[in-house]
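Input: a single structure, listed below in structure tokens.
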Amino acid sequence: MRKVVGSNPARPTKTDKNVAMNQNALNGVEPMPSEIFNSEKFVEISGRAEYCAVKRLKDVVKLKLRTAKRLYTLKVEPAKAEEIIKRLQCEIREI
């Protein structure tokens, strides 16, 4: 009897893994970024964040917290952003 290479039904192929990943994305398993509107909550989350990316635009500053599972974003005016950045408990990265 001839054995066909790569036809082990117990071991998923690369295409099977890609299909499973796409199905998980459609089912909502992969987390989406979240916008936070409360600065106190944002500072609280910074305790478990890896880093905070600061993006300064003309009239708004975007603060982005990267945690293990999710990206949290807070949009604030430049003056208020400086106060919040001083209170964050994680690494700060300017982008």
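Any read-out appearing in this document is the output of simple, stated calculations on the displayed coordinates, not a laboratory observation. Since the structure is predicted, the reported quantities are computational estimates derived from the model, not experimental observations. Neighbour counts are summed over all protein chains in view; Cβ atoms, including those assigned to glycine, are modelled from backbone coordinates with ideal geometry.
What the table shows:
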{"quantity": "Residues of the stretch 57-77 classified as basic (Lys, Arg) and under 15 Å from Ile95 (Cβ atoms), total", "calculated": "4"}
{"quantity": "Identity of the residue in the stretch 65-95, among the charged types (D, E, K, R), assigned to a strand (DSSP E or B) and touching a residue at least 24 places away in the same chain (Cβ under 8 Å), that ends up nearest to Phe37 (Cα to Cα)", "calculated": "Lys75"}
{"quantity": "In the stretch 38-66, the residues that are surrounded by 16 or more Cβ atoms within 10 Å (Cβ to Cβ) and hydroxyl-bearing (Ser, Thr, Tyr)", "calculated": "Ser39, Ser46"}
